[in-house]
Amino acid sequence: MRLPLYLVLILGLCGTAQAQNMLSERVTLAHGSFSSGGGLTIVAELRRAGDRTALCGAWSESRSQSSYTTDEARRIVRLASVYVEGRRIAQDLRFMPRIPPRLDFAGAPARCRLTDLPWRANRIPEVFMPRQQISRANGGGSNPDITFRQTGAGAMEQALEVVPFLVRNSRLVRLSPAARMIEGRYSSGGGIRLAAEVVSVNGRAHLCGVWSDLPGQVAMTEPLGREILERSSAVQKGRIVMDNLSGLRRVRARSEYTGVDASCLDTGATWTPAQSQTPLDLRLPSGVVYRSTTPEGQQVIRFGS
């Protein structure tokens, strides 16, 4: 027998709030950032559970952040609270699972907790994270002054320009006029431009290239460049020669990249002269890269080439 959704929620929510659910397209995002870089995103939505309201959600933190902020995200999740129309319905959100950062949280796994708020459609949760002093500079000591505030791009914030060392060649290669160039645009403005070619480095085929952020971006898309490149690929003769381009070097935007110093990624193949004559197809992903519902409405940002 198939149970109605509200019974599934209630049965799963009682006690431990361990029921696994998938977030919908009406998710609400709250972002917080550390002054040292990196941050936290809490994702929430309201679901009907009989005549009451269930709070569902998950949270993510940046892959790259200062050692001073390690484990701080979980503490902030404990201190966070959720309000609906000025009424607090939850505090301490540790029942929500930690999940990897993602561009679009619709469809992400979540857990739910039953609240005492009567159900009414079209209500929007608002998540609040308190400001925190993570580390305080003290006289001539080595501790930096680090604070946390509810601002920025949250889990998409980066502490450092991280380039995977093990896949990067130790020297730079100047791009030739044959380098292939492609760009993608955000629906909110701005975008990414990528230039790359396959060359021989010590007898092995390497993908050498650079990328740039294009002007006109909004705050929520500015940190997304490497996330977009991580989902990008380079193809020759229908075969993927590299399926993650996030290790390429970031440079200032320009219309021509000939002569620009590029970083190189080892494709794992031996170089053959025929590769220089084979067209290179650079593929950028397309789809929703940001989605959040607020009391003012829903914001959806898409990316595509």
For residue 80: the one exception among (1) over 21 Å from the mean Cα position of the chain (by Cα); (2) of a type in the set (A, V, I, L, M, F, W, C); (3) more than 17 Å from residue 294 (Cα to Cα): (1)
Positions within region 95-154 being among the aliphatic types (A, V, I, L, M), under 16 Å from residue 291 (Cβ atoms) and assigned to a loop (DSSP other than H, G, I, E, B), in sequence order: 99, 103, 106, 108, 124, 153
Among the residues listed as 298, 277, the single one being more than 15 Å from the chain's Cα centre (by Cα) and free of Cβ contacts under 8 Å to residues at least 40 places away in the same chain: 277
Identity of the residue in region 230-251, among the basic types (Lys, Arg) and farther than 19 Å from residue 177 by Cβ, that ends up surrounded by the fewest Cβ atoms within 10 Å (Cβ to Cβ): 239
Selection from region 159-177 of residues that are modelled with pLDDT under 95 and under 20 Å from residue 232 (Cα atoms): 161, 162, 163, 164, 165, 166, 167, 168, 169
Selected residue (criterion: surrounded by the most Cβ atoms within 10 Å (Cβ to Cβ)) from residues of region 253-271 that are of a type outside the set (A, V, I, L, M, F, W, C) and not in a loop (DSSP other than H, G, I, E, B): 263
Meets criteria (under 22 Å from the mean Cα position of the chain (by Cα), under 29 Å from residue 227 (Cα atoms) and modelled with pLDDT under 95) for residue 156: yes
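The values are calculated or read from the model by the stated rules, or taken from the named source; none is laboratory data. Since we're looking at a predicted model, the values are computed, not measured. Because the Cβ atoms are built from the backbone with ideal geometry, glycine has one as well, and the counts that use them run over all protein chains shown.
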